[in-house]
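Asker: First the structure, which I've put down as structure tokens, then a few questions once you've had a look.
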């Protein structure tokens, strides 16, 4: 079945760039998403990319998609302590059921 | 103003009890979902409804029964609660179930269920 994998932990210094990586197995993926979860909170949609795009930029966020390698990354420029959270990659696939397959989440720790 | 809301936010109950979690969205979306997040933060879909009709039921025990009285509401009823049901339950909604470009899902704040 479909699978989404992420590394579990990333630590960076404030002001540095963070790059969170994700790999997926579904070759018919349509949309891929990044969600952010702060402690004790719900999931906040950060950004998404359609499968026919290579890159999407939104202020400090840059999403890169390598469809051939089924690799997705989220780059956060000028990382701030408020960016500390768990980041989830999610794959929609091509079904019409709306089912999202989530990665395990990457905990981003930003040190002052 | 809240787009997707859930009640209650916290639920502590004894094993064997029956409880319900309510979800409402004011986004005018057609599709609603329930996800379960376990203690390791892993998120898995449980159910989805499109226009009040069930379209996903992901091998969830039949102690869990979703009910959609209308498009804007999807409630989750759990019978005979077990210790393993302790988790965070998230409701979400989207315009459509896709793929159409309108399937982006918006999540509620979660309900933290603890079964003792």
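The values are calculated or read from the model by the stated rules, or taken from the named source; none is laboratory data. In this text, all values refer to a predicted model and were calculated from it rather than measured experimentally. Cβ sites come from the backbone with ideal geometry, for glycine too, and all protein chains shown count toward neighbours.
Asker: Kindly check whether there is at least one residue in the range A:51-60 that is in contact (Cβ under 8 Å) with a residue 24 or more places away in the chain, surrounded by 14 or more Cβ atoms within 10 Å (Cβ to Cβ) and touching a strand residue (DSSP E or B) at 6+ places or on another chain (Cβ under 6 Å).
Answerer: From the range A:51-60, those in contact (Cβ under 8 Å) with a residue 24 or more places away in the chain are none; that's our starting set.
No.
Asker: Taking only the range B:91-116 into account, find how many residues are modelled with pLDDT of 90 or more and either more than 17 Å from the chain's Cα centre (by Cα) or not in a loop (DSSP other than H, G, I, E, B) (or both).
Answerer: Final tally of qualifying residues: 12.
Asker: Please work out if residue A:79 is surrounded by 15 or more Cβ atoms within 10 Å (Cβ to Cβ) and touching a residue at least 24 places away in the same chain (Cβ under 8 Å).
Answerer: Numbers: surrounded by 15 or more Cβ atoms within 10 Å (Cβ to Cβ): yes; touching a residue at least 24 places away in the same chain (Cβ under 8 Å): yes.
So residue A:79 passes the test.
Asker: Please enumerate the residues belonging to the range B:28-43 that are in contact (Cβ under 8 Å) with a residue 40 or more places away in the chain and surrounded by 14 or more Cβ atoms within 10 Å (Cβ to Cβ).
Answerer: Answer for the range B:28-43, where residues must be in contact (Cβ under 8 Å) with a residue 40 or more places away in the chain and surrounded by 14 or more Cβ atoms within 10 Å (Cβ to Cβ): B:29, B:30, B:31, B:32, B:33, B:34, B:35, B:36, B:37, B:43.
Asker: Examine the range A:64-71 for a residue that is under 19 Å from residue B:104 (Cα atoms) and without any contact (Cβ under 8 Å) to a residue 12 or more places away in the chain, and state whether such a residue exists.
Answerer: The first filter runs over the range A:64-71 and keeps only residues under 19 Å from residue B:104 (Cα atoms), leaving A:64-65.
Restricting the remaining residues to those that are without any contact (Cβ under 8 Å) to a residue 12 or more places away in the chain gives A:64.
Yes: one or more hits.
Asker: I'd like to verify a number: residues in the range A:30-50 that are surrounded by 15 or more Cβ atoms within 10 Å (Cβ to Cβ) and in contact (Cβ under 8 Å) with a residue 24 or more places away in the chain, how many?
Answerer: 11
Residue-wise test of (1) crowded, with 18+ Cβ neighbours inside 10 Å; (2) out of contact with any helix residue (DSSP H, G or I) (no Cβ under 9 Å at 6 or more places or on another chain); (3) facing another protein chain (nearest Cβ under 9 Å); (4) over 30 Å from residue A:51 (Cβ atoms).
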residue: B:46; (1), (2), (3), (4): yes, yes, no, no
residue: B:55; (1), (2), (3), (4): no, yes, yes, no
residue: B:74; (1), (2), (3), (4): yes, yes, no, no
residue: B:84; (1), (2), (3), (4): no, yes, no, yes
residue: B:87; (1), (2), (3), (4): yes, yes, no, yes
residue: B:92; (1), (2), (3), (4): yes, yes, yes, no
residue: B:105; (1), (2), (3), (4): yes, yes, yes, no
residue: B:113; (1), (2), (3), (4): yes, no, no, yes
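Asker: Have a look at B:16, B:28 and point out the one that is at pLDDT 90 or above, more than 10 Å from every other protein chain (Cβ to nearest Cβ), under 18 Å from residue B:104 (Cα atoms) and not in a strand (DSSP E or B).
Answerer: Working: B:16 fails: under 18 Å from residue B:104 (Cα atoms).
Step by step, each of B:16, B:28 is checked, and only B:28 is at pLDDT 90 or above, more than 10 Å from every other protein chain (Cβ to nearest Cβ), under 18 Å from residue B:104 (Cα atoms) and not in a strand (DSSP E or B).
Asker: Consider residue B:75 carefully, then state whether it is over 29 Å from residue A:94 (Cβ atoms) and in a strand (DSSP E or B). Steps first, please.
Answerer: Working: over 29 Å from residue A:94 (Cβ atoms): yes; in a strand (DSSP E or B): yes.
Against the criterion (over 29 Å from residue A:94 (Cβ atoms) and in a strand (DSSP E or B)), residue B:75 qualifies.
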